[in-house]
Structures are given as structure tokens and as C-alpha cells.
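First up is the structure itself, then whatever we jot down about it.
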Amino acid sequence: MKRSLGRLVVLMMVSVSAWAATYQWRILEAPKELYVNQSGVVRYECAFSTNAAEYTIAFKPTGNETYKASVLTQSDRIVEGKRIQTFDLLITPLKAGTIEIALDALIRHTTFASIENASIGRDNVRKYDFDDETAQLPKASILAKANSAALSGEITMEVKVDKRSVIAHEPVHVSLYIRGSGNLDQFVPYELNISGVNVFAEPPQKNISPSSAGFEGEIRQEFALVSEKNFIIPSIELEILDTATQSRKVLKSQAVSIEVVQGFERSNLLDPPQIADWSGWARYGLYGALIVLGIVLSEAARWLWKRRPRRRVKRFYEGVKTPKELITLLALSGEKRYLEVIEGLENKTVSLSEAKMKLEKIG
């Protein structure tokens, strides 16, 4: 029985189509309205007909002059043997009006044979073989409302002043905190201007991370204020769009009065007192009298220390009455250092009192 060539081709096409996966994109959720600079999430889903292990999706959205777009999160899962990939896209309108979100993604397909050849490093295979296809994603339409506020979201502000009274030229530190969620990445450094005060400002320190509202976290900006006169830190104001109430709000801090106390001036410390300034001379006289008194007390203490009563050590020869008796005691001691004294006593060239004085020196 001969097989028909046409039937064989049809069977091959059916076999290939049975192994190939199909996919479908759809939008799961999207905001209907957003204010300018307010971020919202558009969630896309790509559902495959199989586990689609040989498929990859390259989704790198870019915005245009009307909106910004970036991938916030993505997830990949298998449900009943079918692959489902979800992308959360962060959309931020830049202009008021109706904006159309029309994006595409690159679907890349490769065969298991290509993966195997590249994995084992065959000589004639240097890379994977891909079949690329551009998929047009469903369109989303968002109404962007006008908004002139600097920030949008659920945001709070706090201002801290470390002291209310300082010495002239001593810095006062002011800390500005912006916390919450919204377009915190667009925070513009606050400019603090106070007449007669030198203001030193540091760049804002941002501790924020992406979220469904745009970004969430905290921004901190530090100021150092230096003046030689009293001054007032004015109220710091920040206009925001509160997305919770969909209304404009002005965040304000309380004005703070700073007292500046005049400190010692270097020139005054170096100037000698005037002749007519008797209080200055009296002060210097008191200092001189205290120095003299200290010297006198020190000398008196040294004189008394030298003349303090000392306990006298009793010698073994103190009770001796005659030279002969002293000669006997010294001879019995067996100390050679006493020989000179003994000879002097025997020759009668040394008296008893002189001998005791020499023994005192000998120890």
C-alpha cells in the first residue's frame, strides 16, 4: 500500500502543532484615572497552553512623552500543567489627558535540541537558536488629571530642631523628614532661606524602594544654620496631592524662634585692663595674693616635714660606760667594720664618746 505524500505532510504539520505552545495576553487590572505624577499598576498576564519550558519573555517596557513605564514585579507559575507569567507594570502619567498604553513583548522560542547542543558544546553549535516573535499587548486607556503638586501619594512631613538657644556662631541643626508612599523619587531638595543666617544644606538621603504606589520609605534632608543674632526658622511648607482623599494638601511645620546669646570675643580676652578699671586690678591683686599664699604654705609644709619627730633606733652600745666594755662588745660582734674603732680605743687615741659617734656613722 503506497502512502500519499500529501497525507504525510499533513501528519507532520499536526505533529508539530501538537508540540508547539500557544499563548494569550490579557490585562487583569488597570486604573481608570490617575493624576499627573501619580503612579498606578497595570497587571498583564501571559497564559501558555503548555508548560512552555522552551519559551522566554523579554518584556522591557519604555514610556514616552506622556507617561513613564517600568516593571515593578513579575511572577512565573505552573497551573494544571500550563505556564502563566504575570507582570506588574508601574505607570506614571506625565501630562494631563487620556493616555494610551500600547506595549509589546518579545517571545523567544528555542528547541530542546538546541539547548542540548549548546549545553554539551558541540563544535558546530556556539549558541542557542531562537525563533523570536513580537507580541502586541492589549491596550489600556488611562485618564490623567492635571496636578501641579510637587508630590503625590500618602505622605507625611516632620521637622526637628535640635536646640532653641545657642551661642553666637554655634550651628542649629534642622532635620526634614518626608515619609510615606507615592512619587518620592521625584522629591526636589528643599531650599531654606533665612535673612542674616548662613544656611548649609546637605543633599537628601533617600531610603526608598519601589511599591505599587510608586515608591515608599523615608527621605531625610539636613540643614545647619549659623548666625550671630536671634532669628526665626520659618514654617516649612510642602504641597502634595493626597491620593487617599484625592485632594490637594499643604504640609506645614511650626515656625521656631532661635535665641542667639553673645559669647566671649577674642579681642576682649586679649585686651589689658584700663588703669581706671579698679575692679580689674583688684582681681589681679587677688590672684597674686593667692599665688604668694600658696608658696608660703608650701615652704611651711616642707620645713615642718624636715623637723617632724622621728623614732630613734636604740643601739646595742648605748648603755656602755667604759672603753674596755665597748671594746669587748665590739670584739664579740665579730664585725670587721668595727676594727678601726677597737684599735682607736685600745691605743687610747679615741675617747668613748668619739667611738660612739664613729659607730653611729658606720651604722
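Cross-link pairs exceeding 32 Å between alpha carbons, from the set Lys306/Lys336; Lys60/Lys95; Lys306/Lys358; Lys60/Lys252; Lys229/Lys249: Lys306/Lys336; Lys60/Lys252; Lys229/Lys249.
Spin-label model, Ser257/Arg315: points 7 Å from Cα along the beta carbon direction are separated by 8.8 nm. Could you compute the net charge surrounding Ile232? Neighbours are other residues with a C-beta less than 13 Å from the C-beta of Ile232; K and R count +1, D and E count -1. Counting the neighbours of Ile232, the net charge comes to +1. Between Lys206 and Ser141, the modelled label-to-label distance comes to 3.4 nm, taking each label 7 Å out from Cα in the direction of the beta carbon.
Grab the other residues whose beta carbon is less than 11 angstrom from that of Ala201, score K and R as +1, D and E as -1, and report the net.
Details: positive: none; negative: Glu191, Glu202, Glu222.
My count for the surroundings of Ala201 gives -3.
The string of couplings for the range 247-252 from the Karplus curve (6.51, -1.76, 1.60, θ = phi - 60°) is 9, 7, 9, 10, 7, 10 Hz, one whole number per residue in order, with x for Gly and Pro. Modelled spin-label separation between Lys68 and Glu80, with each label point placed 7 Å from Cα along the Cα-to-Cβ direction: 4.1 nm.
The range 198-239 has equivalent-ellipsoid semi-axes of 31, 13, 5 Å, by the square roots of 5 times the alpha carbon gyration tensor eigenvalues, sorted largest first.
At q = 0.20, 0.22 Å⁻¹, what log₁₀ I(q)/I(0) does the range 42-116 have when each alpha carbon counts as one equal point scatterer in the Debye sum? Summing over Cα pairs of the range 42-116 leads to -0.89, -1.00. Estimated at 0.36 nm per residue, the fully extended path between Trp281 and Val296 surpasses their Cα-Cα distance by 3.1 nm.
Relative to its Kirkwood radius, the Cα radius of gyration of the range 135-222 gives an Rg/Rh of 1.16.
Values quoted throughout were computed directly from the atomic coordinates according to the rules given, and no laboratory measurement underlies them. As the structure is a prediction and not an experimental result, all values here were calculated from the model. Methodologically, a virtual Cβ is constructed for each residue, glycine included, from the backbone with ideal geometry; neighbour enumeration extends over all protein chains shown.
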